[in-house]
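Derivation of every value follows stated rules applied to the coordinates shown; laboratory data play no part. No experiment lies behind these values; they were computed from the predicted model shown. A quick note on method: Cβ atoms are made from the backbone with ideal geometry, for glycine too, and the neighbour counts reach across all protein chains shown.
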Amino acid sequence: MRDRLGQILTPRQILDKSLIRLRTILLEFKLMLLRHVGHLPSHLLRRFFYRLAGIKLTSTSTIHMWANFFQPGGISIGHDTIIGDHAFLDGRAPLTIGNHVGIASQVLIYNDEHNIHSDQYENSFGQVTIKDYVFIGPRVTILPNVTIGKGAVIAAGAVVTRDVPDFEIWGGIPAKKISDRRLTHPTYTLGRPMLFQ
């Protein structure tokens with residue numbers, strides 16, 4: 001038996017590759033089940049199943065309907081945080097979302113990208129950290145190895161490829177600074193999420 005590069009495999013390598021393939025298939029099945037959980041119109045039920053899948057999610061935070069995930073065990077979400085519908089959260093490297101964070105609909109957060117210059121096209125993982133009181137507008141994409149500072153705002157449709165300092169407003173593709181946020185000592189709470197969302 002040969003691998004995808006044409007190298008002959010030993011019986012031990014075949015066993016190792018088979019076990020990796022089996023774990024991958026089980027993870028893919030788990031992710032499919034989580035996708036179906038995202039259709040439940042109850043924050044309480046979704047939160048229960050998301051926690052069961054390994055997401056660290058407080059009882060005061062919620063993920064709206066139709067979310068998708070990679071490696072949910074790598075995702076941690078703080079207190080009083082609301083994540084909009086159709087979000088994609090990637091936990092293949094640590095994804096840490098702080099307290100009082102508002103994430104709008106259809107936001108994509110990636111912790112992995114391919115090395116397009118490599119013969120092997122291998123993965124490159126990088127942590128994403130979103131600090132407290134951040135607001136992320138709809139259809140934002142956040143790429144690996146990014147920290148979004150406390151109180152920062154990311155405008156709708158932006159693609160964030162590098163760190164965003166505290167209390168700055170960024171937008172565009174790639175995202176860059178637009179202005180500063182006037183509120184520099186936030187104390188607000190986001191409150192109750194909409195029901196049946």
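Values computed for the structure shown
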{"quantity": "Theoretical ellipticity at 222 nm over the chain - DSSP helices of four or more residues, -39500 (n - 2.57) apiece, nearest 500", "calculated": "-6500 deg cm²/dmol"}
{"quantity": "Ranked Ile82, Ile130, criterion: other C-beta atoms within 10 Å, fewest first", "calculated": "Ile82, Ile130"}
{"quantity": "Highest-MSF residue in the chain out of Gly102, Gly54, Gly74 [GNM, Cα springs under 10 Å]", "calculated": "Gly54"}
{"quantity": "Cβ-defined net charge surrounding Phe125, 15 Å radius [Lys, Arg +1; Asp, Glu -1]", "calculated": "-3"}
{"quantity": "Fully extended contour minus Cα-Cα distance, from His79 to Leu52, at 0.36 nm per residue", "calculated": "7.9 nm"}
{"quantity": "Packing-based ranking, highest mean first, of 182-190, 30-38, 138-146 given that Cβ atoms within 10 Å are counted", "calculated": "138-146, 30-38, 182-190"}
{"quantity": "Relative exposure of Trp66, Trp170, judged by other C-beta atoms within 10 Å (fewest first)", "calculated": "Trp66, Trp170"}
{"quantity": "Simple Cβ-charge dipole of the stretch 1-147, Lys/Arg +1 and Asp/Glu -1, about Cα centre, in debye nearest 20", "calculated": "480"}
{"quantity": "Residues listed by number, the stretch 76-95, amide nitrogen under 20 Å from Leu45 label point at 7 Å toward C-beta", "calculated": "83-87"}
{"quantity": "Inter-probe distance in nm under a simple model that places probes 7 Å from Cα toward Cβ, at Ile25 and Asp112", "calculated": "1.8"}
{"quantity": "Exposure proxy order (Cβ contacts within 10 Å, fewest to most) of Ile8, Ile97, Ile173", "calculated": "Ile8, Ile173, Ile97"}
{"quantity": "The chain, relative contact order [Cα under 8 Å, separation at least 6], %", "calculated": "13"}
{"quantity": "Kirkwood hydrodynamic radius over Cα pairs of the stretch 11-180, then Stokes diffusion coefficient at 4 °C and 1.567 mPa s, in µm²/s", "calculated": "78"}
{"quantity": "For Lys176, distant residues with modelled amide H under 5 Å away", "calculated": "Gly171"}
{"quantity": "Whole-Å distance, taken between Cα centres, linking the stretch 121-197 and the stretch 62-108", "calculated": "12"}
